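Asker: Got a structure for you, written out below as structure tokens; questions coming shortly.
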Amino acid sequence: MKLSDYQDQVSQMPLYDDLCYGLITEVGEVVDIIKKGSRQGRSIDRVHLGEEIADVCWYLTRLASEYDLSMEHLLDGNIEKLNKRHNE
């Protein structure tokens, strides 16, 4: 799926909570999975981690849409910025 198609679909989905609170909650879930999986004798549940990372992406994409920002443009700009920084 193209990122622009994903953003179009996400922007049409219902929103049940505040975007910033939802984003922080999902990031916390990612951190919790890594924290628990990093304990001695345990491993990170990669399937669950992937699900939560996808939830973070959903909230970030929806947040961008709320402010009329293109995720493709944002991510292209981010790569350009980082490449400039690392090539200096």
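Laboratory data are not the source of any read-out in this text; all were calculated from the coordinates shown. Note that this is a predicted model, so its numbers are computed, not measured. A quick note on method: Cβ atoms are made from the backbone with ideal geometry, for glycine too, and the neighbour counts reach across all protein chains shown.
Asker: Could you grab me the full set of residues in the stretch 6-21 that are assigned to a loop (DSSP other than H, G, I, E, B) and either more than 14 Å from residue 57 (Cβ to Cβ) or within 12 Å of the chain's Cα centre (by Cα) (or both)?
Answerer: From the stretch 6-21, those assigned to a loop (DSSP other than H, G, I, E, B) are 13-18; that's our starting set.
Once the filter is applied, which keeps residues that are assigned to a loop (DSSP other than H, G, I, E, B) and either more than 14 Å from residue 57 (Cβ to Cβ) or within 12 Å of the chain's Cα centre (by Cα) (or both), the stretch 6-21 yields 14, 15, 16, 17, 18.
Asker: Also, quick follow-up: Take the stretch 21-43 and flag every residue that is surrounded by 14 or more Cβ atoms within 10 Å (Cβ to Cβ), out of contact with any Phe, Trp or Tyr (no Cβ under 7 Å at 6 or more places or on another chain) and not small (Gly, Ala, Ser). Quick ask: steps written out before the conclusion?
Answerer: Step one: filter the stretch 21-43 for residues surrounded by 14 or more Cβ atoms within 10 Å (Cβ to Cβ), giving 22-23, 25-27, 29-30, 33, 37.
Now restrict to residues that are out of contact with any Phe, Trp or Tyr (no Cβ under 7 Å at 6 or more places or on another chain): 25, 27, 29-30, 33, 37.
The answer is 25, 27, 29, 30, 33.
Asker: Any chance you could count how many residues in the stretch 24-38 are under 21 Å from residue 74 (Cβ atoms), in contact with an Asp or Glu (Cβ under 9 Å, 6 or more places away or on another chain) and of a type outside the set (D, E, K, R)?
Answerer: Let us first name the residues in the stretch 24-38 that are under 21 Å from residue 74 (Cβ atoms), namely 24, 26-27, 30.
Right, trim to in contact with an Asp or Glu (Cβ under 9 Å, 6 or more places away or on another chain) and you get 26-27, 30.
Subset that is of a type outside the set (D, E, K, R): 27, 30.
Selection size over the stretch 24-38: 2.
Asker: Just one of 33, 53, 24 is more than 11 Å from the chain's Cα centre (by Cα) and of a type in the set (A, V, I, L, M); which is it?
Answerer: Details: 53 fails: more than 11 Å from the chain's Cα centre (by Cα); 24 fails: more than 11 Å from the chain's Cα centre (by Cα).
Checking each option against the conditions leaves just 33.
Asker: Would you say residue 75 is in a helix (DSSP H, G or I) and surrounded by fewer than 14 Cβ atoms within 10 Å (Cβ to Cβ)? Step through it out loud before you land on a result.
Answerer: Numbers: in a helix (DSSP H, G or I): yes; surrounded by fewer than 14 Cβ atoms within 10 Å (Cβ to Cβ): yes.
In short, yes.
Asker: If you go through the stretch 5-33, how many residues are within 16 Å of residue 51 (Cβ to Cβ) and without any contact (Cβ under 8 Å) to a residue 24 or more places away in the chain?
Answerer: Result for the stretch 5-33: 5.
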